[in-house]
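The values are calculated or read from the model by the stated rules, or taken from the named source; none is laboratory data. Since we're looking at a predicted model, the values are computed, not measured. Positions of Cβ are backbone-derived with ideal geometry, glycine not excepted, and every protein chain shown enters the neighbour counts. Keep in mind that these areas ignore ligands, DNA and RNA; they rest on the heavy atoms of the full protein, side chains included. Shrake-Rupley method; radii C 1.70, N 1.55, O 1.52, S 1.80 Å.
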Amino acid sequence: MPQEPTRYYIGLMSGTSMDGIDAALVAIRNNTPPELIATHDEVMPDALRRSLLELCHADQTSFAQLAEAETAFCELQGKAVRKVLSKANMKSEHITAIGSHGQTIEHAPYGHGEGPPYTLQLDNPSLLAELTHCTVVADFRRRDLAAGGQAAPLAPAFHQAVFAADEKHHLVLNLGGFANITWLAPRDSDIAPLGFDTGPANALMDAWHAYHHPGERFDKDGTWAASGKLDETLLERLLSEPFFHRPPPRSTGREVFNMDWLTTHLSGHEAPQDVQATLAELTAASVALGVEMAREELAAPPAAALIVCGGGAHNTHLLARLGRRMPETALVESADWGWPADWIEAGAFAWLAHQRLAQLPGNLPSVTGAKGLRVLGGIYSA
């Protein structure tokens, strides 16, 4: 029986941190785990980042403002695609499809007031197909939402494809702007993967650091947080947020956790570095709380390993706090599994594009709460 040809996909991801667009070129063949071939990070220009952040927090906006930001964002995506193709010495005709996540502007899986649930990603897959001469798959989230799901997180299905192991329970932790976990039981188990958002990861730490250090987007290695002292009283107030105690399925974003949310919990007498230290502990504590919630729901033993990915995987101070909160679980680098920490989210959307073209489901109902498995995304031909 002849082997199926290798197919190449590009995944594009711009997360809530809005630092840039990650492009991951991925090879998929037969039923083997996806293989990372080449990567490129296209840095987000300051002006575009400001425009996108304004849209995320705007009570009102104009169609012209939306169109301007969307076009600039799409052109940056096209640039990222060209750069990653150049690094791999490949051309657009070698690519089966691009999987584009778009830029999340608002995520409201519970709706607002009496309104319907919704999730909004800024994207223009038609323009991206025109710019790159590649088929584009986009709008992955809303089909899951239509089926009663949270529309997020979607990466756990990819985590299962890449990180499933034979014997022990283990976890995948993505530390982007927000944190989400995936609990993976052994391959021969009948326990479905469980995954959900645990709360803020870098979003609040980045925003607080940038406010006090203009021109710096994040606290490198958690150095500033390490210079402060944990404020236990503030941490208790922050952890009183109902989201942290809501059972899965659940997802969240800037709509809940933002600078306004933070400042309502401050007395005004805290030292800035102590707030940063407490925000790092908030991330660690909420992750540990989520892990324990998942373990109890699955009646599982403590996970043997926690595979850490996302930008927060480089924050050594945060990882140390996580280690103290989860002493029974070893923190493991995702690179040990062939996937460097920075490229798993983009890789997930390359894989989701493959799933869409193969008419295979991309969601996990045990994660999102959808009524069933669904094929996700719309196709925009080259």
### Message
Would you confirm, using the coordinates I've provided, whether residue 71 is part of a strand (DSSP E or B), open to solvent by 30 Å² or more (accessible area, probe 1.4 Å) and touching a residue at least 12 places away in the same chain (Cβ under 8 Å)?
### Response
no
### Message
Tally up the residues in region 1-10 that are open to solvent by less than 20 Å² (accessible area, probe 1.4 Å) and modelled with pLDDT under 90, please.
### Response
0
### Task
Tell me, yes or no, whether region 160-182 has at least one residue that is more than 12 Å from the chain's Cα centre (by Cα), within 19 Å of residue 249 (Cβ to Cβ), at pLDDT below 95 and small (Gly, Ala, Ser).
no
### Task
Please find, among 252, 233, 182, the residue that is of a type in the set (Val, Ile, Thr) and under 26 Å from residue 268 (Cα atoms).
233
### Message
Here's a check for you: in region 86-107, which residue that is within 21 Å of residue 62 (Cβ to Cβ) and of a type outside the set (Val, Ile, Thr) is surrounded by the fewest Cβ atoms within 10 Å (Cβ to Cβ)?
### Response
106
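To keep it simple, each residue is scored yes or no on (1) free of Cβ contacts under 8 Å to residues at least 24 places away in the same chain; (2) more than 13 Å from residue 362 (Cα to Cα).
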{"residue": "150", "(1), (2)": "no, yes"}
{"residue": "156", "(1), (2)": "no, no"}
{"residue": "160", "(1), (2)": "no, no"}
{"residue": "164", "(1), (2)": "yes, yes"}
{"residue": "169", "(1), (2)": "no, yes"}
{"residue": "175", "(1), (2)": "no, yes"}
### Message
Pairs needed: first member in region 11-40, within 17 Å of residue 160 (Cβ to Cβ) and open to solvent by less than 40 Å² (accessible area, probe 1.4 Å); second member anywhere, among the hydroxyl-bearing types (Ser, Thr, Tyr) and at pLDDT 95 or above; C-beta distance under 8 Å; at least 6 residues apart or different chains.
### Response
26/8; 26/9; 28/8; 28/9
### Task
Would you check if there is a residue in region 37-46 being part of a loop (DSSP other than H, G, I, E, B), out of contact with any helix residue (DSSP H, G or I) (no Cβ under 6 Å at 6 or more places or on another chain) and at negative phi?
yes
#### Entry: Which listed residue, of 142, 217, is without any contact (Cβ under 8 Å) to a residue 40 or more places away in the chain and open to solvent by 20 Å² or more (accessible area, probe 1.4 Å)
142
### Query
Regarding residue 243, is this residue hydrophobic (A, V, I, L, M, F, W, C), outside any helix (DSSP H, G or I), within 26 Å of residue 182 (Cα to Cα) and open to solvent by less than 20 Å² (accessible area, probe 1.4 Å)?
no
#### Entry: Search result, residues across region 328-349 that are hydrophobic (A, V, I, L, M, F, W, C) and either open to solvent by 40 Å² or more (accessible area, probe 1.4 Å) or more than 14 Å from the chain's Cα centre (by Cα) (or both)
330, 331, 332, 335, 337, 339
### Summary
Out of (1) at negative phi; (2) in a strand (DSSP E or B), the one residue 102 does not meet is (1)
### Query
For region 308-382, which fully contained helices (runs of 4 or more DSSP H) count at least 3 residues that are more than 20 Å from residue 175 (Cα to Cα)?
344-357
### Task
Filter region 175-193 down to residues that are open to solvent by 10 Å² or more (accessible area, probe 1.4 Å) and assigned to a strand (DSSP E or B) and give me whichever is nearest to residue 102 (Cα to Cα).
178
